[in-house]
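Below is one structure, written out as structure tokens, with a few remarks after it.
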Amino acid sequence: MNTTTPATTAAVPTGWDRHAGRRPPVSLGDLIRVAGVLRPAPEILARAARLLWPPAEPGPAAPTAPAPAPLVPATPLAGPPPAPEVDREQLGYRVRPAGNDPRPPHPDVWVERLTVASGPPRRARLPVHELLPQPPGRPGPTAPSLFRADYQRAIVAELARAARPGPDIDVGHLIELLATRRPIQDVPRATARTTRAGLHLLLDMGPSMRPFLRDLRLLVLASRSVIGQDAVTALRFAGRPTVVRDLDGGMTDRAYEPPVTPCAVLVATDLGTAAAATGTSPARPKDWAAFVRTVHGAGCPLVLLVPCPPERWPAWADRRLAIVTWDLVTAVGQARRAAKRAAGLARSPL
């Protein structure tokens, strides 16, 4: 009997499922074990293998794919129109050699400066109604005033208040008169800070204040809204506050006259700090000194609104005047302190 190893001649079983991991009813191992015991001839072993696992019948031939159609050149699409001729002097600059290369820049090589937006679109920070085009005849959004919108009325009211006799009796003063046996000619009244006396508003409209013309107009509107349309006397001047004109259509210069009834006087000016930039000469300190004496002589508190930081104020003005910085950071408390200082300077002028 031939002792050739059956595994070398037996066909590979077709019923074995390698991926599923399951054994068929009769596996190749069973056939090997039987061949090891009986040791049949190779021909008998081959017949047994074909009997147990017949070869698979050939299936129908796979359909052949049709031959690809020949490529037809497509009609080229019309490209964008040629770009108009532009001045390269505005788009780029000449390429210069790197390092210490003494060669001059190449006259015919240019690098265009182009800004290309990249990345995902970002969410707009403005409301939709501000992004859309404005309809005809409707003005667009304007810049805010130098005072915060929620503080403007309170600041103007604080600056426009002046001490006036109120309805209440000044009991302390009355007791002092009685104790010193002085005659009581009028019943003393307790004073209170009020806006009933009105406001004198002086606006510096010289060349150095032209950037603030819109703010000056808004200040006039806010003052008339808080105090009253007829209670505000608006005047304008150019550098020198002693020479004024009426704001509404006044074309004749005249000397400033203080109010007959004491009231607050508010002046919006830069004190000539930007006069050098505009080529004009600022008002002289003696002009301001004469104006301050006129206002304080009438018993009126004087406050200045200056649209520049304190370090730019003249030294003489900071000592003699009550000044408020005209800016968005100005708070109501600063205006109240300046008004109280102005009232003290009016009672005891320097």
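The values are calculated or read from the model by the stated rules, or taken from the named source; none is laboratory data. For clarity, every value in this text was computed on a predicted model and none was experimentally measured. Please note: Cβ atoms are built from the backbone with ideal geometry, for glycine as well, and neighbour counts cover all protein chains shown. For the accessible areas, the whole protein counts, side chains as well, though only heavy atoms, and no ligand, DNA or RNA atoms are used. Shrake-Rupley method; radii C 1.70, N 1.55, O 1.52, S 1.80 Å.
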Pairwise FRET efficiency - LYS340 versus ILE184, Cβ, R0 = 22 Å, nearest 0.05 | 0.15
Heavy-atom accessible surface of the stretch 250-350: percent carbon and sulfur, 1.4 Å | 55 percent
Go ahead and run the numbers for FRET between ARG245 and ALA289, Cβ-Cβ distance against an R0 of 22 Å, rounding to 0.05.
-> 0.50
Contour minus Cα-Cα span, ASP168 to ALA46, at 0.36 nm per residue, comes to 30.6 nm
With Rg from the Cα atoms and Rh as the Kirkwood inverse mean 1/r over Cα pairs, the stretch 173-236 has an Rg/Rh of 1.33
Out of every Cα-Cα pair in the stretch 165-320, what percent are more than 21 Å apart?
-> 53 percent
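When the Cα atoms of the stretch 230-319 are enclosed in a convex hull and the volume is divided per residue, what value in Å³ results? Walk me through the numbers before you get to the answer.
Numbers: hull volume 10.4 nm³, N = 90.
Here the figure is 116 Å³ per residue.
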Contour minus Cα-Cα distance for LEU221 and ASP150 (0.36 nm per residue) = 24.0 nm
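Over all pairs of distinct alpha carbons, what does the Kirkwood formula give as the hydrodynamic radius of the stretch 284-350, in Å? Spell out each step's value before the answer.
Values: mean 1/r = 0.0810 Å⁻¹.
After inverting the pairwise mean of 1/r, the radius is 12.4 Å.
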Stretch gain in nm, segment THR280-ALA331, where the contour uses 0.36 nm per residue and the Cα spacing is subtracted | 15.1 nm
